[in-house]
Amino acid sequence: MVSLGVADEWSMLSERVLHVKGRPGRLALVAVVLVYIAEAVSIIGLWINGRFNPAGIDINWILSMVAAGLFFGVFGWGAVFLKGAYYKTIEQLSFKDEKAKSEFLTKEAVYSDTFAAIGAVLTATALGVALSVWPLFTGYFIPTFTFNLAPYFAIALLILALVASLGIDAVAAISRLVTIPRRLRDHLQISLLRPDRCGGAKAIGDYYFLFTLLVAAIGSLTIVISGTFEDIRVGYFLAATFLLVGVGIFLVPQMSVRSILRAEKLSRLEEISHRVDDLSDPSQDLDSDEMILAFLQVQSLIMLYGEIEKLREFPFETGTFQKVLSTALVPIVLQIIFTILRIT
């Protein structure tokens, strides 16, 4: 069991493989450097064996090579950062039972070993598909693969296999992190008059906004990488996919919190309404002092009713959702820009 003070003592696979623990920036830097080394090894190997044609280098090719390293860098940063942000989010929430809170501060609450195994298969498949269409690596097999190329290909592939541990962590962690609100439903303590107007649950909305930022960044880099593909429809498909994922990963998990907030809000409004009706019952035989007291209570309840009615049914502000939409649209905008540049 991981306690509140040492919730970050365990390490993900990528942190162990790349020998970086608990530092998002450093893990991102290591991932970027390794990818660029793999690219350099491939270019050198293809050049020595007469497979690298400098005439094929253009701005799209350069941007694609740079974006590939940054792509894994964002994964490295996001993996560690979101893990730490998760524990901070849980610390900000109020629980009905503090013992239940400790269950959300374990490794199992964040990371699934079962999904890590699934992630290994999915990551290997995705990496294989990506390399099969990436010009730098297709050069190994066009026209044929030779023994002289084998050492360079093996080194580059080994390096990318190490970096691919980030993909395994992504599948293992995201599968758990997106279900946080559903698992919190029976444990979250809603305080209707908290300043955040979200019953104290705004931290959840902020956390999933970070998810959207990460998805948009990865989507944007994917669009840049796909700039070398001849079929522009691939870029639009990827951009639309990341748009839907970015918005969905923000909204869908929070539907469980919405149901809690809505139920609590309606329950308290009903209680106040019934109380006001009782105090305002004209059939009551009250003296002047009791009538004044009842009047003051009614006014206080009406004011409380107005404050509770302002409670948001989603754990985020309207401005935050506008930021989510604009952020999620970035990959689409990038793809449109790339298309225009190709046409002109």
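The values are calculated or read from the model by the stated rules, or taken from the named source; none is laboratory data. As the structure is a computational prediction, the values presented were derived from the model and not from experiment. All Cβ positions, even for glycine, are placed from backbone atoms using ideal geometry, and neighbour counts span all protein chains on display. Accessible surface is based on the protein model in full, side chains and every heavy atom, while ligands, DNA and RNA are left aside. Shrake-Rupley method; radii C 1.70, N 1.55, O 1.52, S 1.80 Å.
Flag set for I159, criterion: more than 18 Å from the chain's Cα centre (by Cα), touching a residue at least 24 places away in the same chain (Cβ under 8 Å) and assigned to a helix (DSSP H, G or I).
Among residues of the range 265-307 being open to solvent by less than 70 Å² (accessible area, probe 1.4 Å) and not in a helix (DSSP H, G or I), the one that is modelled with the lowest pLDDT is L286.
The residues in the range 286-328 that are within 25 Å of S220 (Cβ to Cβ) and polar (S, T, N, Q) can be counted, and the count is 5. Candidates S300, S280, S288, S267: the one that is among the polar types (S, T, N, Q), out of contact with any His (no Cβ under 7 Å at 6 or more places or on another chain) and touching a residue at least 12 places away in the same chain (Cβ under 8 Å) is S280.
Looking only at residues of the range 5-59 that are hydrophobic (A, V, I, L, M, F, W, C) and assigned to a loop (DSSP other than H, G, I, E, B), we find that the one that is surrounded by the most Cβ atoms within 10 Å (Cβ to Cβ) is M12.
Elements of the type helices (runs of 4 or more DSSP H) sitting completely within the range 67-154 and holding at least 3 residues that are under 23 Å from L29 (Cα atoms): these cover 113-133. Inspect the range 308-317 for any residue being closer than 30 Å to A239 by Cβ, open to solvent by 30 Å² or more (accessible area, probe 1.4 Å) and either at pLDDT 90 or above or not in a helix (DSSP H, G or I) (or both) and give the result as yes or no. Taking every residue of the range 308-317 in turn, at least one turns out to be closer than 30 Å to A239 by Cβ, open to solvent by 30 Å² or more (accessible area, probe 1.4 Å) and either at pLDDT 90 or above or not in a helix (DSSP H, G or I) (or both).
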